[in-house]
Amino acid sequence: MNTPTTTSSAPMPSADTLSASDKHKLDISDDLLSSQTSGFTRIHQEAEDDTSPCPPDTPYGWAMVLCCFFLLMTVIGPTNSFGVYLQEYQTRVFPSTPTTLLSWIGSLQFGSMCLFGIGAGILVERFDLRLVAMGGSLVSGGAFLVASVCRSPVALLFTQGVLFGAGGSCIMNIAVTLPGQWMDRNRAVATGLAIAGGSIGALWLSFATRSMVATIGWQWSLRVTGFYIIGVGWTCAPFIRKRIEVPRRAKILDLAALSNIQFLVLFFSTLFVSGGYFMPYYFMSSYAVVSLRLPVNWSANISSILNAGSIVGRVATGLEAGTLAADHDSGPSDSNAAYGWLVVAGSFFVLMASMGSSNSYGVYLQEYQQQFPNAPNSLLSWIGSIQFGIISFLGVVSGVAAERYDIRWVVGLGSLVSGGGLVIGSFCRTPWGLLATQGVVFGIGGSFMMVPAMCLPAQWVGRWKGVATCVATTGGSIGGLWMSLATRKMVAALGWQWSLRINGLVVVFVGLAVSPLMRKRVHLEPRDQLVDLRALGSPRFLVLFAASIFVSGAYFAPYNFMPPYAVTQLGLDKTWGADVSSIMNACGTVGRLVVGVAADFVGPLNALVACLVGTAAAVFALWLPFRSLAMLVVAAVFVGLCGGCLVSLGPLVTARLFGIRRLPSLLGLLYLAYTAGAMVCSPVAGVLLDSAGSGSDYTWVIVYIGCFYVAAATLFAALWLVN
């Protein structure tokens, strides 16, 4: 057996350990050997000091990331929103001044940050970070205060430009480098989140600056921004501190990197990156007002759009870099790691886009009933039913895809298809066209979004599986909450076609932005069979399958029929359709969180039976016998609280009964049951509304929906007894 050789532990011989003959053979002097060995020892010691390992992602480390986030809001935010000031300077303050000089103010902000970066780096290495951050905030904020009393562009060049950049250089150096010291596994994620603070700061600061300039003038706008920079900087500075203490070098500035070819290429490429980065922020805003002659407020709108996209881009690229690095980590994953909660957050947003669109369909149904008065209600209600029906029907396929392929690609593809279905549906002029696009195509893509988002939280979170799953599924309720209100506003202002287009773009945008988060923790070996049907031989699974048919049918029916019930039968204003949908989704958000915590203590099956009984009682005791707005609101509250968690508890019950290793494929089979329930409940309720209720009496519709809740509660109670 060959013995491996090690060279790192061999000590460097000193001058005293070599004999005179050895020195003569090597043709070296005592002074030269001493200098070489001492230099080697110094370099080796510095390498050990500079490469000290980072700790795991501790809570204090995330507190550092949060402080860096707010610090970058005060530095990058004012720089990215300079386009609003530039437009004001061009049109009102200095109309005769060349644009070249005015644009130099913004260029010098970031240019000075970079120019003083060497000095800022030395200060950060040699002094207390808290003092450096407080000093930088005082200088950059004071620059804005001094600039507010200036009356010439040249003075603004040195105050709002150079002086602000000098102070901001210290803050930016700290905020960009500190997350890397306190993070190990999630270093790229933490850095991306911290840097996103700059875009978020510019996002709201663009609107705030535009409003302040219009109401109190550009001078007071500069003063308020200056006090904001100082206040935030001095608030965050006491909490930051170094983790790695770098020993002081004899040289203040080490230029050895300039002899490295790779560094030189990076250096010159950075010249073009930094030059091109800020140009859209400076000139797009003024271009919209000066060249396109849009209203003045569009300068802030354009700047905010740029920064909103930058937020998603920075976080997504940071997450992608972190997950790519994690893919090469062969060590075991901690089921309660911080990354697990990032996966939960990703599932939350995916379900917000997919389930939120389905949960807000009642607003579209109310509009379609007026746009297509000759179309039967059963056909119009089929559009919403087939959305969830196709999502569930293709659950087997999407479950297999989630097991066999990278979930990030599965979710990204699903968002493109589902969002594209809504965009294509906006060009349709018949209910059948909407059925094929808003219904079928959206459902196909939604299936590849919903199944991974429902099963991933249980893989990543250990003790708090119920909380994690219900937090993720809360995204559907929150999405339905704001989408219902937004859809009502968009339909009234822009029409239902543009509402569909915007809704589709939101689905695509959100899905692609958070898909880098969606990473598997449990990797399974590929099976010969695409679909594992062995579970169908289990009596427990068959009862669960039958109960899921009634759960899925009952889940969406109130969301589809309560909004038009408020307008058609109670004669309320159209806005009440969106209001009722929002009430159910808001209560569903609270209900899912509360029931998620309860499920971890009393068991998911017990919690599910209790929720079904409560929802059935709300339908029969509150919605059915009364015909008033007050009782409808109370019924909507109870249906949202209890009924909102029916689908979210399904994966928990399945994981408790059959484990998490085959959860995606088992959920795929259960989604076939969801398909049957969704295809039966709402369309049949639409037929009852047309035949027994003459299109306006919802009595038999309510009874029919309540029977689904009773049947589901009975079957799950039977499963509870068997288990």
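Summary table below
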{"quantity": "Chain lengthening between residue 122 and residue 690 when straightened (0.36 nm per residue, less Cα-Cα)", "calculated": "196.7 nm"}
{"quantity": "Computed FRET value (nearest 0.05) for residue 370 with residue 219, which takes r as the C-beta separation and R₀ as 60 Å", "calculated": "0.70"}
{"quantity": "Approximate spin-label separation residue 617-residue 597, in nm, with each point projected 7 Å along Cα-to-Cβ", "calculated": "2.1 nm"}
{"quantity": "Stretch gain in nm, segment residue 243-residue 492, where the contour uses 0.36 nm per residue and the Cα spacing is subtracted", "calculated": "84.1 nm"}
{"quantity": "Modelled FRET efficiency - R0 22 Å, residue 658 with residue 590, Cβ distances, 0.05 increments", "calculated": "0.15"}
{"quantity": "Ratio Rg/Rh, restricted to segment 342-383 and using Cα atoms, in which Rh is the Kirkwood radius", "calculated": "1.23"}
{"quantity": "Rounded accessible area of residue 406 (nearest 10 Å², 1.4 Å probe)", "calculated": "50 Å²"}
{"quantity": "Using alpha carbons only: equivalent-ellipsoid semi-axes of segment 173-212, gyration tensor based, whole Å", "calculated": "28, 9, 4"}
{"quantity": "Projected-area average for segment 104-203 over all orientations - Cα convex hull basis, square nanometres", "calculated": "6.8 nm²"}
{"quantity": "Segment 59-79 residues near the modelled residue 341 label - backbone nitrogen below 16 Å, point 7 Å along Cα→Cβ", "calculated": "59-67"}
{"quantity": "Apportionment of accessible area to carbon and sulfur, segment 74-215, percent (1.4 Å)", "calculated": "71 percent"}
{"quantity": "Spin-label proximity, residue 672 to segment 418-447 - amide N less than 19 Å from point 7 Å beyond Cα toward beta carbon", "calculated": "444, 447"}
{"quantity": "Compactness index (Cα Rg / 2.2 N^0.38 Å), segment 336-486", "calculated": "1.09"}
{"quantity": "Per-pair calculated FRET efficiency, R0 = 25 Å: residue 540 and residue 700 via Cβ, rounded to 0.05", "calculated": "0.15"}
{"quantity": "Stretchable slack from residue 100 to residue 430, in nm (0.36 nm times residue separation minus alpha-carbon distance)", "calculated": "113.4 nm"}
{"quantity": "Where labels lie 7 Å past Cα in the beta-carbon direction, separation of residue 149 and residue 204 in nm", "calculated": "3.0 nm"}
{"quantity": "Label-point gap, in nm, between residue 509 and residue 409 - each point 7 angstrom along Cα→Cβ", "calculated": "2.7 nm"}
{"quantity": "Most to least packed among 88-95, 395-402 [average Cβ atoms within 10 Å]", "calculated": "395-402, 88-95"}
{"quantity": "Protection-proxy order for peptides 612-620, 554-562, each taking the mean of Cβ atoms within 10 Å per residue, highest first", "calculated": "554-562, 612-620"}
{"quantity": "Residues of segment 126-173: accessible area per residue with a 1.4 Å probe, Å²", "calculated": "35 Å²"}
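The values are calculated or read from the model by the stated rules, or taken from the named source; none is laboratory data. These figures come from a predicted structure and were not determined experimentally. Heads up, the Cβs are rebuilt from the backbone with ideal geometry, glycines too, and the neighbour counts pull from every protein chain shown. These area figures cover heavy atoms from the full protein model, side chains too; ligands, DNA and RNA do not enter into them. Shrake-Rupley method; radii C 1.70, N 1.55, O 1.52, S 1.80 Å.
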